[in-house]
Amino acid sequence: MRLELPLPGDWYALPVGEPDARTRIRRFAEEVHGTADARAVDRIRLRRRLHLALAHAERGRAQQLHLGRALDGGAPLPASIAVYPGIAVSIAADASPRAVMDALVPLVLRAAHEPHGGSAVAGPDDRVLETPRSLVLRRPTIERVDDADLGVLPTLRVDYWVTVPGERHAMLVHAVAPETPFAALLRDLFDEIVVGARFASDSPLAAELRA
């Protein structure tokens, strides 16, 4: 199935795995910040964030990668959202959203914490959100990356594990934005996008193969 995201405002779909993807990022940064020398640092910051998002998307074999440009009304939206195939949750008791989520949560928490010496416990902002056909595990984190030229680049990352209707499977939506005083508002926006998403079959053949 394909997860269709209701993206508000102006977004740019970046073809993951395409040979000219990085050239498109450079052009995108110039569209957002112009070509004047005074905006060079802004362009560098944006390109590096998007290169990082693209690298994550390509390593995880993302199906989609969307770059935010502006909200309705023109407010800048320096964000990216990637959609990944996710994981099978074969240990779920059945294919209902609740059964898949009950089995998924311990798997995700163990993968996130135990390799680093922590316990498999939920973070303070972890939530399970409801949609008409799915449940969504939301896990936000703040990552601080040291850059030799630009210093510390604090970044908001939010993982959304979305149960696939009728399947023991959960897809992953990964949203990224700079950590700013408006980070909580961006997280709320990401929540609305994911909760408002819907599943659509890629094609009759894909549905037949899954069956």
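The values are calculated or read from the model by the stated rules, or taken from the named source; none is laboratory data. Here the structure is a predicted model, which means the values were calculated and not measured. FYI the Cβ positions are ideal-geometry reconstructions off the backbone, even for glycines, and counts take in every protein chain you see. Surface areas here come from the heavy atoms of the whole protein model, side chains and all, with no ligands, DNA or RNA. Shrake-Rupley method; radii C 1.70, N 1.55, O 1.52, S 1.80 Å.
Things worth noting here:
- Hits in region 26-52 - residues which are in contact with a strand residue (DSSP E or B) (Cβ under 8 Å, 6 or more places away or on another chain) and β-branched (Val, Ile, Thr): Val32
- Hits in region 24-65 - residues which are surrounded by fewer than 19 Cβ atoms within 10 Å (Cβ to Cβ) and either of a type in the set (S, T, N, Q) or not in a helix (DSSP H, G or I) (or both): Gly34, Thr35, Ala36, Gly60, Arg61, Gln63, Gln64
- Within region 9-23, the residues that satisfy the criterion of being in contact (Cβ under 8 Å) with a residue 40 or more places away in the chain and either surrounded by 14 or more Cβ atoms within 10 Å (Cβ to Cβ) or among the charged types (D, E, K, R) (or both) are Gly9, Asp10, Trp11, Tyr12, Leu14, Val16.
- The listed residue being of a type in the set (D, E, K, R), in a strand (DSSP E or B), surrounded by fewer than 18 Cβ atoms within 10 Å (Cβ to Cβ) and modelled with pLDDT under 85, out of Arg144, Arg157: Arg144
- Taken over region 166-194, the criterion of being open to solvent by 20 Å² or more (accessible area, probe 1.4 Å) and more than 17 Å from His66 (Cα to Cα) is satisfied by Gly166, Glu167, Arg168, His169, Glu179, Thr180, Pro181, Phe182, Ala184, Leu185, Asp188.
- Filter result (assigned to a helix (DSSP H, G or I), among the small types (Gly, Ala, Ser) and either touching a strand residue (DSSP E or B) at 6+ places or on another chain (Cβ under 8 Å) or modelled with pLDDT under 75 (or both)) within region 86-125: Ala112
- Of all residues in region 90-102, those being surrounded by 18 or more Cβ atoms within 10 Å (Cβ to Cβ) and under 18 Å from Arg138 (Cα atoms) number 3.
- Subset of region 4-25 (residues that are closer than 21 Å to Leu71 by Cα and not aromatic (Phe, Trp, Tyr)): Glu4, Leu5, Pro6, Leu7, Pro8, Gly9, Asp10, Ala13, Leu14, Arg24, Ile25
- Asp149 falls short on exactly one of the conditions (1) surrounded by fewer than 18 Cβ atoms within 10 Å (Cβ to Cβ); (2) modelled with pLDDT of 85 or more; (3) charged (D, E, K, R), and that condition is (2).
- Candidate set from region 66-85 (those that are in contact with a Leu (Cβ under 8 Å, 6 or more places away or on another chain), at pLDDT below 85 and open to solvent by 40 Å² or more (accessible area, probe 1.4 Å)); member that is farthest from Asp191 (Cα to Cα): Arg69
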